[in-house]
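One structure below.
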Amino acid sequence: MSITGAAGLPEISTAGNVVRPSTSVRCSVRLPPVMKPSEATAIITKKLTENVPYGAKVTVKGGHEGSGWCQKGLDSWLEEAMSEASVLFFDGKETAARSSGGSIPFLNKLENLYPST
């Protein structure tokens with residue numbers, strides 16, 4: 001979980017040990033591809049709103065939920081072609097895979113639109 005925005009906080013140079021009337025934060029959470037965003041929202045909401053200290057009021061508003069995505073296994077013909085090309089082009093080195101996030105909910109939507117790709 002990361003905080004991507006905040007409101008109601010004083011500047012560091014003037015911040016003190018005081019009670020403020022309100023503080024708001026916007027959070028972003030990366031989920032495993034197989035977890036349903038609605039389940040994660042329910043778990044996070046429960047954790048943030050139960051046993052809140054000093055009678056503080058915590059309100060959680062839903063946001064932009066997006067389902068994760070897992071790449072399917074490659075067809076054998078494509079895997080073999082990539083391996084052969086890697087060996088030929090990279091002086092005998094086998095192919096390797098690397099992945100990173102960024103547009104994962106977008107990829108999930110694309111796969112749902114084009115399931116055979």
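What follows is calculated from the coordinates using simple rules that are stated; it is not laboratory data. Since we're looking at a predicted model, the values are computed, not measured. We place every Cβ from the backbone using ideal geometry, glycine too, and count neighbours over all the protein chains shown.
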Relative to the chain, whose Cα atoms define the longest principal axis, helix 104-113 and its Cα axis are tilted in degrees, nearest 10, by 60
Would you calculate the separation in nanometres between label points at residue 61 and residue 97, each defined as 7 Å from the Cα along the Cα-to-beta-carbon direction? 4.0
Loop chymotrypsin sites (Phe, Trp or Tyr not before Pro), the range 20-106 (other Cβ atoms within 10 Å of the site Cβ: 15 or fewer; DSSP): 90
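Can you give me the relative contact order of the chain as a percent, contacts being Cα pairs under 8 Å and 6 or more apart?
19
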Rounded to one decimal in nm, the spacing of the 7 Å Cα→Cβ label points at residue 51 and residue 89 is 5.4
Order the peptides 16-26, 37-47 from the highest to the lowest mean number of other Cβ atoms within 10 Å of their residues. 37-47, 16-26
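Where does the charge balance sit around residue 116 when Lys and Arg score +1, Asp and Glu -1, over other residues with C-beta under 12 Å from its C-beta?
With Lys, Arg at +1 and Asp, Glu at -1, the neighbours total -1.
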Report the relative contact order of the range 2-55, percent, no decimals, based on alpha-carbon pairs under 8 angstrom and at least 6 residues apart. 35
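If you build the convex hull over the alpha carbons only and average its shadow over all orientations, what do you get for the range 2-55? Give it in nm² to one decimal. Provide the component values of the computation, followed by the final result.
Numbers: hull surface 20.4 nm².
Mean projected area of the Cα convex hull: 5.1 nm².
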Along each principal axis, Cα extent of the range 21-86, largest first, Å: 64, 19, 18
Residue 18 and residue 30 label points (each 7 Å along its Cα→Cβ direction) are spaced in nm at 3.8
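Subtracting the Cα-Cα distance from 0.36 nm times the residue separation, let me have the gained length for residue 40 to residue 4 in nm, one decimal. Don't jump to the answer; show the numbers that get you there.
Numbers: separation 36, 0.36 × 36 = 12.96 nm, distance 1.80 nm.
Extending this stretch completely gives an extra 11.2 nm.
Report the equivalent ellipsoid semi-axes for the chain in whole Å, largest first, defined as the square roots of five times the eigenvalues of the gyration tensor built from alpha carbon atoms. Present the calculation step by step, with values, prior to reporting the outcome.
Values: eigenvalues 408, 73, 24 Å².
Here the semi-axes work out to 45, 19, 11 Å.
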0 to 90° range, to nearest 10: angle between helix 37-49 axis and the chain longest Cα axis: 30
